[in-house]
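Novice: One structure is given below, represented as structure tokens, and several questions about it will come after.
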Amino acid sequence: MKNLKNKELLKRARRFYDEKNYQESLTYLSQIIEIDSMDNELSENAFVMMGNIFHIQGQIGKAIKAFQKVIELNPDHIDASISLSILYNDIGKYEEGEGQFNKSFKNIKNSQKISSNSNEKIQINKKLSAKHYELAELYFSFDRFDEALAEFNKSIVLDPKNLTLQLKLAKVYSKKNFSNKAAEVLNKLKSENPEYIPGRIGLGVFLYGQGRVLDARLEWQKVLSLKPSNDEAKMYLSMSERADETAL
């Protein structure tokens, strides 16, 4: 019965976590870890969520302690190990960060059959990039654009081939009213990946917002020439045409 209660508490904590109601989530997580004889899997999940919440809130010391607790319960927990590596590096504890990074690398290596050192490095960099991306999205959702910008840049360095990250970066620049930087990112993305449809759609939206309606339409029309069934490009073209009619 106790285990059932813990699972229900964790379920509620996760629901509030997903809704970004972190204080309420912490209330349930605290109840879970105060209950004795809880199984390790539930403990790990609870402390991982707590670590993520503290990281988001900028309580780095508490975040580190939470992830360390996960490692105590499960020394092979990859996500907690990666999170600790990021946190240590962010506060300048590079030796600890490197040690945790090497541990993460070893754990991923043991959990996946990867053929070469190069591929191993790519895999762990993608894992680290995903962590920075997750944090960047959370900062962005709270309009904390400077922190989001820093995390997106870290994510891009680790996974430069992930084109979605470039779009996100441009969006943050736009939110900060750095129009020139946003345009630079979007135009570079288009130049290097001319058939990347989300990039062209994003550039069109940016140009439209800048009042360059004809240039925006050219981008959306190009998308339709690449993929005639693209509903998003059709929607934006239709929207711009209706705006013209209204203006007339």
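Novice: Considering every residue within segment 204-217, establish whether at least one is free of Cβ contacts under 8 Å to residues at least 24 places away in the same chain, closer than 24 Å to residue 137 by Cβ and hydrophobic (A, V, I, L, M, F, W, C).
Specialist: no
Novice: Of the residues 53, 60, which is surrounded by 19 or more Cβ atoms within 10 Å (Cβ to Cβ), closer than 29 Å to residue 145 by Cα and aliphatic (A, V, I, L, M)? Before you say what the answer is, go through the steps one by one.
Specialist: Working: 60 fails: surrounded by 19 or more Cβ atoms within 10 Å (Cβ to Cβ).
Checking each option against the conditions leaves just 53.
Novice: So which of 137, 120 ends up being modelled with pLDDT of 65 or more and acidic (Asp, Glu)? Before you say what the answer is, go through the steps one by one.
Specialist: Details: 120 fails: modelled with pLDDT of 65 or more.
Step by step, each of 137, 120 is checked, and only 137 is modelled with pLDDT of 65 or more and acidic (Asp, Glu).
Novice: Tell me which helices (runs of 4 or more DSSP H) are completely within segment 1-112 and hold 1 or more residues being of a type in the set (Ser, Thr, Tyr), modelled with pLDDT under 90 and more than 20 Å from residue 132 (Cα to Cα), or say none if there are none.
Specialist: Numbers: elements: 2-18, 22-34, 40-56, 60-73, 78-90, 94-111.
It comes to 22-34, 40-56, 94-111.
The values are calculated or read from the model by the stated rules, or taken from the named source; none is laboratory data. The structure displayed is predicted, hence computed values, not measured ones. Note that we place each Cβ from the backbone using ideal geometry, even for glycine, and neighbour counts take in every protein chain shown.
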